[in-house]
Amino acid sequence: MKLLAAALFVSALVVPNSVLAQKKIPKVQGHSQCPLGYVNTLGTTCTSPIHYEMRSTNGEPCPSGWMNVGAGYCRKK
């Protein structure tokens with residue numbers, strides 16, 4: 001059982017944060033709003049009651065399979 005827990009912990013560290021479902025995300029520099037589906041915490045983060053897979057657009061169009069949700073973010077379809 002300890003081995004399984006250790007394997008899950010290590011695998012969580014290996015997966016990039018951009019592909020994990022996220023309830024709390026930072027605001028992208030230059031944006032004061034939050035993306036669709038997220039609530040502004042009136043600080044530097046946005047939060048959502050639902051886990052979405054989000055990634056920053058970095059000023060580029062969203063890749064295939066992702067949709068633009070505003071505020072500098074793409075969400076997995």
### Message
For the condition under 13 Å from the mean Cα position of the chain (by Cα), modelled with pLDDT under 95 and farther than 15 Å from Ala21 by Cβ, what is the one hit in Thr57, Thr41?
### Response
Thr57
### Query
Are there any pairs, at least 6 apart or on different chains, whose C-beta atoms fall under 6 Å, with the first in region 66-77 and within 9 Å of Glu53 (Cβ to Cβ) and the second surrounded by fewer than 18 Cβ atoms within 10 Å (Cβ to Cβ) and of a type in the set (Lys, Arg), and if so, which?
Trp66/Lys76
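The values are calculated or read from the model by the stated rules, or taken from the named source; none is laboratory data. The structure presented is a predicted model; accordingly, all values stated were derived computationally and were not measured. A quick note on method: Cβ atoms are made from the backbone with ideal geometry, for glycine too, and the neighbour counts reach across all protein chains shown.
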